[in-house]
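Please read through the structure below; I'll follow up with questions.
What follows is calculated from the coordinates using simple rules that are stated; it is not laboratory data. Keep in mind it's a predicted model, so treat the numbers as computed, not measured. Using ideal geometry, Cβ is built from the backbone for each residue, glycine included, and neighbour counts are taken over all protein chains shown.
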Amino acid sequence: MARHTGSVCKQCRRERTKLFLKGDRCLTDRCSVERRTYPPGEHGRRRVKETDYLMQLREKQKARRVYGVLEKQFRAYYRQAIREKGRTGENLIRILESRLDNVVYRSGFAVSRKQARQLVSHGHITVNEKKVDIASYQVKPGEVIGVKARSRESAVFKAALESFQREQVPWLEVDRKKLTATVVERPAGTSIDVPIRDEMIVELYSR
C-alpha cells in the first residue's frame with residue numbers, strides 16, 4: 001500500500017491546523033504549527049485567494065490526512081456513506097471513526113493513528129480475542145478490541161497509556177488494566193480532536 005514518507009508536520013502546516021499526526025507531541029510547544037503558522041514551501045507566505053473549491057478541497061485533504069486514507073479508499077468510503085441513511089457527511093466521518101486503527105488510537109493504546117496502524121498490521125491487536133491485522137476493518141457495536149497476550153508487556157503500549165491526554169470518546173468503554181476496549185455504540189459522526197466540516201467534502205464530491 002502506498003504511504004506518505006515525508007514530514008507529517010508539513011501536512012499539518014498545509015492545512016494550517018493540528019492534525020495530531022504525531023499524537024500527544026502535537027500538544028507540546030514542539031509542534032511545528034505553533035512555531036510556523038504558514039504553509040510549507042517557498043510560496044507558503046503568499047496570500048492565496050480562498051475560493052469555494054479550494055476550501056472544499058482542503059477540508060477533504062484534511063480528513064484524508066487525519067485518518068491516513070488514500071484517495072481511492074476515501075472515495076469508496078464516500079460512496080458507502082451515500083448509501084446509508086442519514087446525512088452523508090456524518091456517515092462518512094462515522095465510517096472513518098469505525099476503522100480499527102482509529103479505534104486503537106481512540107482507546108489510548110497508541111500515541112497516533114500511524115502507530116495504531118502499524119500495531120494492527122503487525123498482529124498485536126485482536127477483535128473478540130481473534131487476531132485482526134487489517135487496519136481498515138470496520139468495528140461494530142458489541143465487539144471487544146484488545147491487545148494480544150504476548151504484546152501486553154510491550155513498552156509501546158505502556159508509553160501510550162502513560163502519555164494519554166485526549167478526551168475519551170463516549171462510544172468506547174476502555175479497561176486500561178486489561179488493555180481492552182468495548183464498542184458500546186456506533187461512533188458519532190463528528191471528529192473530536194480535529195474539527196472537520198463534512199458538508200464541504202460532500203459539496204466537493206457533488207460537483
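Translational diffusion coefficient, Stokes-Einstein: compute it for the range 66-130 using the Kirkwood radius over C-alpha pairs as Rh, at 25 °C and 0.890 mPa s, and state it as an integer in µm² s⁻¹.
194
Report the one residue of 132, 205, 188 whose Cα lies farthest in the direction of the positive end of the charge dipole of the range 128-207 (charges on C-beta: Lys and Arg +1, Asp and Glu -1; origin at the Cα centre).
Of the options given, the answer is 132.
Going through the range 53-117, which trypsin sites (Lys or Arg not before Pro) have at most 16 other Cβ atoms within 10 Å and a DSSP loop state?
Values: sites: 58, 60, 62, 64, 65, 72, 75, 79, 83, 85, 87, 94, 99, 106, 113, 114, 117; in loops: 85, 87.
Loop-located and lightly packed - 85, 87.
Order of 54, 179, 119 from fewest to most other C-beta atoms within 10 Å? Provide the component values of the computation, followed by the final result.
On the way: 54 11, 179 22, 119 26.
Ascending number of Cβ neighbours within 10 Å: 54, 179, 119.
Using only the Cα atoms of the range 144-207, what do you get for the radius of gyration and for Dmax, in Å?
Cα-based Rg and Dmax for the range 144-207 come out at 16.3, 50 Å.
Averaging over every viewing direction, what projected area does the convex hull of the Cα atoms of the range 99-183 cover, in nm²? Please report the intermediate quantities before stating the final value.
Values: hull surface 18.7 nm².
Over all viewing directions, the range 99-183 projects a mean Cα-hull area of 4.7 nm².
May I ask you to work out the translational diffusion coefficient for the range 42-198 at 37 °C, viscosity 0.692 mPa s, via Stokes-Einstein with Rh from the Kirkwood sum over Cα pairs, reported in whole µm²/s? Intermediate results must be reported in sequence, preceding the final value.
Numbers: Rh = 16.6 Å.
The estimated diffusion coefficient comes to 198 µm²/s.
Counting other beta carbons within 10 Å of each Cβ, put 163, 112 in order, fewest first. Don't skip to the answer; put the middle values down first.
Details: 163 14, 112 21.
By the 10 Å Cβ count, ascending, the order reads 163, 112.
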